[in-house]
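Peer 1: Attaching a single structure in structure tokens format; questions to follow.
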Amino acid sequence: MYSATLLDHFQNPRNVGELSASSVTVEVSNPACGDIMRLSLAVEDGRIRDVRYKTRGCVPAIACGSVLTEMIKGATLEAAQNVSAPDVVNGVGGLPPASNHAAVLAVDALKEALKAGLRS
């Protein structure tokens, strides 16, 4: 049902937790399924220096958060703005159609963080 990559990110999530020196922290939710993701970015010189996330949700939501953080850590803000839900789906090795909301949640959190961070 789930790819080996997805299961690895679920069982061994990367970049989990709080980021004490964050530039921005946002929390987004998916009202349809109840999943919640908190994403914190530390931005320095137009680049995401560090990132952390916490998710309360399903296996794919946890895995998508982990993959997202790996995709954007060290990236420029411009590159991070181009990350899409299909990119996250590919990063976890695919998702069943009923789980695509997990990738959307991760990207929604990123977009909110970038929007909030660019306003500051």
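Rule-based calculations on the coordinates, nothing more; no lab input. Keep in mind that what you see is a predicted model, and the values were worked out from it rather than measured. Cβ atoms come from the backbone with ideal geometry, glycine included; neighbour counts cover every protein chain shown.
Peer 1: For the charge dipole of the chain, defined by +1 on Lys and Arg C-beta atoms and -1 on Asp and Glu C-beta atoms about the Cα centroid, which residue among Ala75, Pro97, Tyr53 has the Cα displaced farthest towards the positive pole?
Peer 2: Among Ala75, Pro97, Tyr53, the one farthest towards the positive end of the dipole of the chain is Tyr53.
Peer 1: Right, another one. Note the full-extension length gain between Ser3 and Asn100 as 0.36 nm times their separation in residues minus their Cα-Cα distance, in nm to one decimal.
Peer 2: On the way: separation 97, 0.36 × 97 = 34.92 nm, distance 1.38 nm.
Once the chain is fully extended between Ser3 and Asn100, it gains 33.5 nm.
Peer 1: To continue, here is another question. Based on DSSP H assignment, which helices of the chain show an axial Cα extent of at least 18 Å together with a mean Kyte-Doolittle hydropathy greater than or equal to -0.5?
Peer 2: Details: long enough: 59-72 (20 Å, 1.59); 100-119 (29 Å, 0.40).
The qualifying helices are 59-72, 100-119.
Peer 1: Sticking with this structure for a sec: If you count, for each residue, the other Cβ atoms within 10 Å and average over each peptide, how do 66-75, 44-53 line up from highest to lowest? If you can, show how the numbers build up before the last one.
Peer 2: On the way: 66-75: 20.7, 44-53: 17.0.
Ranked by mean Cβ neighbours within 10 Å, highest first: 66-75, 44-53.
Peer 1: If I compute mean projected area of the Cα convex hull in nm² from the structure I just sent, which labelled value in (i) 8.1; (ii) 6.6; (iii) 11.3 lines up?
Peer 2: (ii)
Peer 1: Based on DSSP H runs of at least 4 residues, each adding -39500 (n - 2.57), what is the mean residue ellipticity at 222 nm of the chain after dividing by all its residues, to the nearest 500 deg cm²/dmol?
Peer 2: Working: 5 runs with 54 residues, N = 120.
Rounded to the nearest 500, the figure is -13500 deg cm²/dmol.
Peer 1: To the nearest 0.05, what FRET efficiency results for Glu27 and Asn82 with a Förster distance of 22 Å applied to their C-beta separation?
Peer 2: On the way: r = 23 Å, r/R0 = 1.04.
My answer for the efficiency is 0.45.
Peer 1: Moving to a separate point now. Put a dot 7 Å past each Cα toward the Cβ at Arg56 and Glu70; how far apart are the dots in nm?
Peer 2: Once both label points are built, they end up 2.7 nm from each other.
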